[in-house]
1. Under a point-charge model restricted to the Cβ atoms of Lys and Arg (+1) and Asp and Glu (-1), what is the dipole moment magnitude of the range 1-99 relative to its Cα centre, in debye to the nearest 20?
2. Computing the accessible area with a 1.4 Å probe over protein heavy atoms, can you report the carbon and sulfur percentage for the chain?
3. For His56 and Ala2 in one chain, what is 0.36 nm times their gap in residues minus the Cα-Cα distance, to one decimal in nm?
4. State, to one decimal in nm, how far the label point of Val64 lies from the label point of Asp92, with both points 7 Å from Cα in the Cβ direction.
5. For the range 25-103, what does the accessible surface come to per residue with a 1.4 Å probe? Please give it in Å².
6. Grab the DSSP H runs of the chain that are 4 residues or longer, score each as -39,500 (n - 2.57), total them, divide by all residues and round the 222 nm result to the nearest 500 deg cm²/dmol.
7. So what's the angle, to the nearest 10 degrees on a 0 to 90 scale, between helix 70-84 and the longest Cα principal axis of the chain?
8. Give me the angle, in degrees from 0 to 90, between the Cα long axis of helix 91-103 and the longest principal axis of the Cα atoms of the chain, rounded to the nearest 10.
Amino acid sequence: RAVAERLPLVRHAPSRGGVASLVDPAEAETLGRARLAPLDGAPALRETLRMWLSLHGSWDRTAVALDIHRNTVRQRIARAAALLEADLGDADVRMELWFALKWG
């Protein structure tokens, strides 16, 4: 892309903010919103997914953090996965959703 647009090649540098900084903020927001669109109108699902991902998939720690029963966490995560048509057992999918939550 850099060659095609005659722009300097961007290389990762710690001072640039990590991998996420390599994506244009406007494009990142668009991507995040589009990926999470199935959760629009379901803030509890979105927040549960965000917390669950931040706690590395721990049902119990997510339940404590959100002050809900762990079975509620399981049900919400299953519902979010179904709506997003996502395999949350796949690390790449979890990473994609993490960035989408951060950006969208």
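The values are calculated or read from the model by the stated rules, or taken from the named source; none is laboratory data. Keep in mind it's a predicted model, so treat the numbers as computed, not measured. Neighbour counts are summed over all protein chains in view; Cβ atoms, including those assigned to glycine, are modelled from backbone coordinates with ideal geometry. Side chains are part of the model used for accessible areas, which takes the heavy atoms of the whole protein and leaves out ligands, DNA and RNA. Shrake-Rupley method; radii C 1.70, N 1.55, O 1.52, S 1.80 Å.
1. In total the dipole reaches around 180 debye.
2. Values: 3840 of 7090 Å².
Answer for the chain is 54 percent, counting heavy atoms of protein chains only.
3. Full extension from His56 to Ala2 adds 16.0 nm.
4. The answer from the label model is 3.4 nm.
5. Accessible surface, normalised per residue, equals 61 Å².
6. The helix-only estimate for the chain comes to -18000 deg cm²/dmol at 222 nm.
7. 40
8. Helix 91-103 sits at roughly 80 degrees to that axis.
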